[in-house]
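Rule-based calculations on the coordinates, nothing more; no lab input. In this text the structure is predicted, and so the values were computed from the model without any measurement. Glycine gets a Cβ as well: all are built from the backbone with ideal geometry, and neighbour counts include every protein chain shown.
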Amino acid sequence: MNALSKLRSIIRGQVWLHDDSGFDAARRPWNLAVEQPVQAVVEAADVDDISALVRFAHDGGLGIATQPNGHGATGRTNGSILLRTRKLDSLTVDTDTRHARIGAGVASGRVQAAAASHGLTGLPGSSPVVSVTGVALGGGLSWFGRAHGWIADNISAFDIVDADGQQRHITADRDPDLFWALRGAGGDFAIVTALELALHPAPALYGGRMLWTAEHAPAVVDAYRQITAVAPDQLTVWLDLLHFPGGDPMVAVDATYLGDQVTARTLLAPLDRLPCPVSDSRRVMSVDELGAITAEPTEPGAGQSQGELLTALDDDAVKTLLEKPIAPLLSIQIRHLQGAFAQASDSPHGPLTEPYALYLFGLPSSPAAAEAVKAKQRMLADALPTSGRKPFTFLNPDETVADAFTPAVLGRLRGIKHREDPSNVFRSNFAVDY
């Protein structure tokens, strides 16, 4: 602990050690179901702090686990210093080049708000509070990915601190291997302090959620399949089976359309032929209001998830999803992919050729509840037509990078890791040398 106390003399930001008040709160990840043991917590004031921390960790044989918030935390942090990057919050939008420079601590909602004022959009996911950098390092699935591909496909540069503490600007031309690895294989290779992301025109947006009681689930799923069979790339539609504690089972369809309301309503017409929904929030909206569609929690909480990629949503798959209650799960979400997701991608994951993504979520409120949730997730994953691989950002603490990448890709990633970080200073949530 004496050695760690030296952090206070080299870091201008805040340092928490084991005996400090607030240490437990500082080390806690967003997912409160994950226990995260660390040697110390550092909230960097700036990039120079990060360079100093890297040199300290390298010299002391310690690792660094980097998290703005810890949405993807796995608890694999033994022997590491936890680095918080929330104060790296600079954000600039260049309307001429349609690019944003985004600090590592900037949340998706801030980018959307900045872009919206110029008729532009980034590539937001369902939550406005996740960091853009964290999602992008995992490839990144967005509401607008069917039109524009992985979030990582839209990155033109990274600012990093490398394993020697040097600050570098990484592009495809300057360092193609590292640039490739950072676009979807996590934070195992460097600490990303900022990135440059392409923005896209968004002169109009229509979106929202329709919600029905579960008795209408078969008809809703049928309409969902009709819509996704012919959906243009500007339309994204997600299906949700929901059962919240104390409530009745429900079924929802979430949609966004990068275009005008009239066309959107025409494309979504099969939903309007269903029985009257309990609620319908669809409307013309701004791209910085997307978080309201699914209304995910904006404060930390415990959760247990499993993600898969579906090769089909055929009659057998629908029967498996609907024949029994989803409990003890809270939600089963099916996201329509295809479009630009299926096109060539110079990223570790490559193209998403599966038509749908599946996300299974429950609350581990007790050890027994956690096991019941896991058993239900396992049963559904085994019964449904899954491809056997999954997006990096869908991995859970029980999984490894081998669940996301092919052996050939893993071999290339390990070569880059050994070259860039031979002392293993950087400890990703999902290490390539697991």
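Which net charge results for the neighbourhood of ARG146, defined as the other residues with beta-carbon distances under 12 angstrom from its beta-carbon, given Lys and Arg at +1 and Asp and Glu at -1?
Every neighbour counted, the sum reads 0.
In units of 2.2 N^0.38 Å, what is the alpha-carbon radius of gyration of the range 2-84?
Against the compact-globule rule of thumb, the ratio is 1.00.
Exposed loop GluC sites (Glu not before Pro) only (DSSP loop, at most 12 other Cβ atoms within 10 Å): please give the longest stretch of the chain free of them, not including the sites.
That gives 36-322 as the longest site-free run.
What residues qualify as long-range amide H neighbours of THR121, i.e. H under 5 Å apart, gap of 5 or more or another chain, H built at 1.01 Å from N?
HIS200, ALA202
Taking the Cβ of PRO328 as the center, what net charge do the other residues with Cβ under 14 Å away carry, scoring Lys and Arg +1 and Asp and Glu -1?
+3
Order the peptides 407-418, 98-109 from the highest to the lowest mean number of other Cβ atoms within 10 Å of their residues.
98-109, 407-418
For the range 263-336, state the average projected area of the convex hull of the C-alpha atoms over all orientations, rounded to one decimal in nm².
7.7
Counting Lys and Arg as +1 and Asp and Glu as -1, each charge on the Cβ, what is the dipole of the chain about the Cα centre in debye, to the nearest 20?
Roughly 200 debye, rounded to the nearest 20.
Determine ³J(HN,Hα), in whole Hz, for all residues of the range 200-208 in sequence, where each value follows from phi through the Karplus function 6.51 cos²θ - 1.76 cosθ + 1.60 and θ = phi - 60°; x replaces Gly and Pro.
With coefficients 6.51, -1.76 and 1.60, one gets 10, x, 9, x, 8, 8, 10, x, x Hz.
Would you kindly compute the Cα radius of gyration of the range 206-394 and its largest Cα-Cα separation (Dmax), both in Å?
Considering the range 206-394 through its Cα atoms, Rg and Dmax are 16.4, 49 Å.
What is the diffusion coefficient of the range 206-295 in µm²/s, taking the Kirkwood radius over Cα pairs and the Stokes-Einstein relation at 10 °C with a viscosity of 1.306 mPa s?
120
Using the C-alpha gyration tensor of the range 191-244, what are the square roots of 5 times its eigenvalues, in whole angstrom, with the largest one first?
31, 17, 11
When the dipole is taken about the Cα centre of the range 206-394, and only Lys, Arg (+1) and Asp, Glu (-1) are charged at their Cβ, what size is it in debye, to the nearest 20?
Dipole size: approximately 180 debye.
What percentages, rounded to whole numbers, describe P(r) for the chain computed over all alpha carbon pairs with 10 Å bin width beginning at zero?
It works out to 4, 22, 31, 26, 13, 3, 0, in whole percents.
Out of residues 5 or more away from ALA157 or on other chains, whose amide H comes under 5 Å of its own, with H placed 1.01 Å from N in the peptide plane?
When sequence neighbours closer than 5 places are left aside, the close amide H contacts are GLU196.
Restricting to DSSP loop positions (anything but H, G, I, E, B) with no more than 15 other Cβ atoms inside 10 Å of their own Cβ, which trypsin sites (Lys or Arg not before Pro) remain in the range 217-323?
ARG273
Can you give the percent of C-alpha pairs in the range 282-434 whose distance is more than 26 Å?
Result: 40 percent of Cα pairs exceed 26 Å.
As an exercise, find the ratio Rg/Rh for the range 118-213 from alpha-carbon atoms, using the Kirkwood inverse-distance average for Rh.
Rg/Rh: 1.06.
Before rounding to the nearest 500, sum -39500 (n - 2.57) across all DSSP H runs of length at least 4 in the chain and divide by the residue total; then give [θ] at 222 nm in deg cm²/dmol.
-7500 deg cm²/dmol
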